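What follows is a set of notes on a single structure, which appears directly below.
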Amino acid sequence: MSMQIIEAVPNFSEGRRVEVVDAIAAAIQTPGVHLLHRTSDWDHNRSVLTVAGEPEAVLVGLWQAVAVAAQQIDLRQQRGVHPRLGATDVVPLVPIAGISLDECVVLARRLGQRIGDELGLPVYFYEAAATRPDRRNLAAVRAGEYERLVEEIHLPRRQPDCGPTQVGPAGAVIVGARPFLIAFNVFLKTGDVAVAQQIARAVRESSGGLPAVKALGLLVDGQAQVSMNLVDFQVTPPHRVVEAIAAQASAVGVAIDRSELIGLLPQAALLSAAAHALHLPELGSEQVVEMAIRRAMDAGNPEPL
């Protein structure tokens, strides 16, 4: 039986206190869990960790990280431009090797049940792990953020899937399973957040824009930003989104300044962008020298060149 590997990309509602993020990162790195990437943003007041490993090890690391975040982050005091429902806001599990999305659903529900039972936090399941159709979409689960949840958790439609029907300072945790997602932001050469909001509406799927694109218009460090989740990069790759944003921005006399990647992205997305830019439609990993060397070495060829 081949080894099972999952990725998890937990988002924490803290991007300013380095010592808190350090404690969360330390907690998540249990034996067998590899911290692949870490990023924090002051304006979003949010940190994203990317970890991978065998499923059981990753579940232990995630539970420990959620526990530390609940102790260290008070949503009554926390503020940032990014929507949030809890100290640990969202925990997606992603199948990488030897495991299916359905198996990740089982893992997500196990993790959520343990968080609810042992940490006393309300838990909502989303995406493939959702227990009801109206909770598949993360934005729908997070509607109104922490503040509205405090007022509405007693309502039938806001009842958590696990854990208590009450909200403490750490808020709630949203746990799910999904395919690979690219978190990608584009900064505009303007400080007018209304421009970013207009462009976000134009490009996101829910407003009739590009399929598999979720987008918000935010103001980050005085600069307008289109903040996006590309939920299926094979349907709408990053380069296509950038082209669409550039066209929308140009129409109102604004240019793109730069882009920002949150976490990691698959090699296939880079190859797709390179093939598009270079007009090389048949470009594949077999034409990348480093990958050719790696394949030769993995095959035991003593002279990969």
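Of note:
- Single condition V58 does not satisfy, out of (1) in contact (Cβ under 8 Å) with a residue 40 or more places away in the chain; (2) closer than 26 Å to G144 by Cα: (2)
- Within the range 82-91, considering residues that are part of a loop (DSSP other than H, G, I, E, B) and among the hydrophobic types (A, V, I, L, M, F, W, C), the one surrounded by the fewest Cβ atoms within 10 Å (Cβ to Cβ): L85
- Exactly one residue among G217, G253 is out of contact with any Gly (no Cβ under 9 Å at 6 or more places or on another chain) and assigned to a strand (DSSP E or B), and that residue is G217.
- Scanning the range 196-213 for residues that are out of contact with any helix residue (DSSP H, G or I) (no Cβ under 7 Å at 6 or more places or on another chain), over 14 Å from R240 (Cα atoms) and not small (G, A, S) yields a count of 2.
- Residues (part of a helix (DSSP H, G or I) and either under 27 Å from I96 (Cα atoms) or β-branched (V, I, T) (or both)) located in the range 9-33: V18, V20, V21, D22, A23, I24, A25, A26, A27, I28
- Any chance A277 is more than 30 Å from R46 (Cβ to Cβ), touching a residue at least 24 places away in the same chain (Cβ under 8 Å), outside any loop (DSSP other than H, G, I, E, B) and not assigned by TED's automatic domain parsing to the domain that holds H34: yes
- Test for R79: is it modelled with pLDDT of 95 or more, not assigned by TED's automatic domain parsing to the domain that holds V220 and not β-branched (V, I, T): no
- Residue within the range 66-85 that is closer than 23 Å to R178 by Cβ and free of Cβ contacts under 8 Å to residues at least 40 places away in the same chain present: no
- Scanning the range 20-39 for residues that are out of contact with any Ser or Thr (no Cβ under 8 Å at 6 or more places or on another chain), closer than 8 Å to V51 by Cβ and not β-branched (V, I, T) turns up Q29, H34.
- Selection over the range 220-250 of residues that are assigned to a strand (DSSP E or B) and either among the hydrophobic types (A, V, I, L, M, F, W, C) or over 20 Å from the mean Cα position of the chain (by Cα) (or both) gives a count of 6.
- Some residue of the range 283-300 being assigned to a helix (DSSP H, G or I) and either closer than 30 Å to A202 by Cβ or in the same structural domain as V195 (by TED's automatic domain parsing) (or both): no
- Residue ID - surrounded by the most Cβ atoms within 10 Å (Cβ to Cβ), chosen from residues in the range 212-235 that are of a type in the set (V, I, T) and within 11 Å of L188 (Cβ to Cβ): V226
The values are calculated or read from the model by the stated rules, or taken from the named source; none is laboratory data. These figures come from a predicted structure and were not determined experimentally. Every residue, glycine among them, receives a Cβ derived from its backbone with ideal geometry; neighbour counts consider all protein chains shown.
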